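These notes are about the structure you will find just below.
The values are calculated or read from the model by the stated rules, or taken from the named source; none is laboratory data. Remember, predicted model here, so these are calculated numbers, not experimental data. Please note: Cβ atoms are built from the backbone with ideal geometry, for glycine as well, and neighbour counts cover all protein chains shown. Remember, those area values only see protein heavy atoms, side chains included, never the ligands or the DNA or RNA. Shrake-Rupley method; radii C 1.70, N 1.55, O 1.52, S 1.80 Å.
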Amino acid sequence: MDINRAKPKRSVVSRYWPWSILALILAGAGYYLYFLAQADFAVDSDTLVIGQVKQGKFSVSVRGSGVLVPDNIQWLSANVDARVERILVKPGKTVSKGDLIVELTNPKLVQLLEETRWELEAVTAENEAERVIQESALLDQKTLVLNARLDYDSSKLEQDAQSELFEKNTGAVSKIDYERTRLETIQFKQRWQIQKQRLAKMTENLKVQNNARDARLKKMRKTLERVRQDVNSLKIYASIDSVVQDVPVEAGQRIGMGGNIAKLARQDSLIAELQVPELQIRDVEIGQKVVIDTRNNKAHGVVTRVDPAVVNGNVQVDVSFNGGLPADARPDLTVDGEIKIAEISDTLYVRRPLFAQSQTSASLYKLTADGNFASRVKVKLGKGSVDEIQIIEGLAPGEKIIISDPSSWESYPKVRLN
């Protein structure tokens, strides 16, 4: 016997659920395709560095690295040709002014000192002997002058007496005797005048010769003093309270005049020589404040010199310290310096994007509010600091931009962040 079995009716839900799933899939695919169509390039957000625009006080500064160097350096050099006898101080030792550092030797110079001393003694004795001879001759001439005056005075008295008798015509004095006496008086007077002139010339000559002898003697003394100084310079002493930086000689070495023997530097007088990139040097000026970081301590200073030349893309900036030096300050110590350019009380700023330069316009990628996309916008930049840069226009507070390298997608106006 056949039994008819009726097929059970399918419910509405079971009848349409495959179509619902299909519709959901198609809707999701459409939304995904629409989402993909919003940008031509996709970027992994984990590889990006994002910066947010802030508003407030902005410090403009420039950073540079460098070393500490002595501000007062002195080289000690040899004044004569000599040989290094002894080296008493090694580099790194602290010395006081007047401390012996190196001893030199030059036997010929020592011998020259003795010979010059003997020659000075001989010249001094000869000058004294010549002076005595001339003074004796001067005394003899004074005697001649005195005798000539006495002869004149005696003859003048006799002439006056004869003249009185001759004028009275007493016959006691003949005319011949009177004329003879008168002529003798004239001759004695002339001899007296000549002897006085000779005395004046001898006195003048003695003075000139004394000056000449004194000049020769002074020259000889100067020669002896110079040779003595040369001998004394064989011992090299510290000229300042300092630290010995270098002694580029060895015992037994021959060294010429002017050769360097020791380099001294004041330990308490150091400056920082910073190397600042040439693109950041335009805002650096003398007098600006600087913070020097020695890795262990920080100290404050001021810019004292900006080198006019660019070397290997950097410009040297000299910084002197305002107060005391850091405890770990040493010559040739590597340091970092932050030069304070300006303080802006209220402005927009953001972390410095890669390759962004001060006082320029740049194309930056600004994120949308949901953070899924980034669109290229034109931004005017102002003053730049070490890690941050001022925003003049193009961005608002709170907005975010990509500050990492955009070179792989910079040809696209909009990118998607995955």
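At a 1.4 Å probe, what is the % contribution of carbon and sulfur to the accessible area of the chain?
Carbon with sulfur: 52 percent of the solvent-accessible area.
Is it possible to state the helix-based mean residue ellipticity at 222 nm for the chain, with each DSSP H run of 4+ residues giving -39500 (n - 2.57), the sum divided by total residues, to the nearest 500 deg cm²/dmol? What is it?
About -13000 deg cm²/dmol.
Ranked highest first by the average count of other Cβ atoms within 10 Å around their residues, in what order do 275-286, 372-383 fall?
372-383, 275-286
With r defined as the distance between the Cβ atoms of residue 312 and residue 405 and R0 fixed at 35 Å, what FRET efficiency is calculated, to the nearest 0.05?
With R0 = 35 Å, the Cβ-Cβ based efficiency is 0.90.
Measure of size requested: the Rg and Dmax of region 54-124, with Cα atoms as the atom set and Å as the unit; please supply both.
Radius of gyration, then largest Cα-Cα span, for region 54-124: 26.0, 92 Å.
Where does each of 160, 346 land when they are ordered by accessible area, with a 1.4 Å probe and the largest first?
346, 160
Mean Kyte-Doolittle of at least 0.5 and a Cα length of 15 Å or more along the axis: which whole DSSP H helices of the chain meet both?
Once both thresholds are applied, what remains is 12-36.
List the aspartates and glutamates whose Cα sits under 12 Å from the Cα of residue 189, skipping any in the same chain fewer than 8 residues away.
Correct list for residue 189: 151, 153.
According to the square roots a ≥ b ≥ c of the eigenvalues of the Cα gyration tensor, what is the shape class of region 296-350, taking rounded for a/c under 1.5, prolate for a/b larger than b/c otherwise, and oblate for the remainder?
Because a/c hits 1.5 or more and a/b fails to exceed b/c, region 296-350 counts as oblate.
Could you order the peptides 125-138, 384-397, 353-366 from most to least packed, using the average number of other C-beta atoms within 10 Å per residue?
384-397, 353-366, 125-138
Just the C-alpha atoms of the chain: what Rg/Rh do they give, with Rh taken as the Kirkwood radius?
Result for the chain is an Rg/Rh of 1.58.
May I ask for the equivalent-ellipsoid semi-axes of region 252-397, computed as the square root of five times each C-alpha gyration tensor eigenvalue and listed largest first in whole Å?
Sorted largest first and rounded, they come to 43, 17, 14 Å.
Rounded, prolate or oblate: which fits region 107-218, taking a ≥ b ≥ c as square roots of the Cα gyration tensor eigenvalues, rounded meaning a/c under 1.5, else prolate when a/b beats b/c?
prolate
Percent of Cα-Cα pairs more than 16 Å apart in region 315-418, please.
Roughly 66 percent, once rounded to a whole number.
Relative contact order for region 336-393 using alpha-carbon pairs under 8 Å, separation at least 6, rounded to a whole percent?
Relative contact order comes out at 35 percent.
Quick one: accessible area per residue over the chain, 1.4 Å probe, rounded to a whole number of Å²?
That works out to 63 Å² per residue.
Could you order 237, 178 by accessible surface area, starting with the largest, using a probe radius of 1.4 Å?
Result of the area sort, largest leading: 237, 178.
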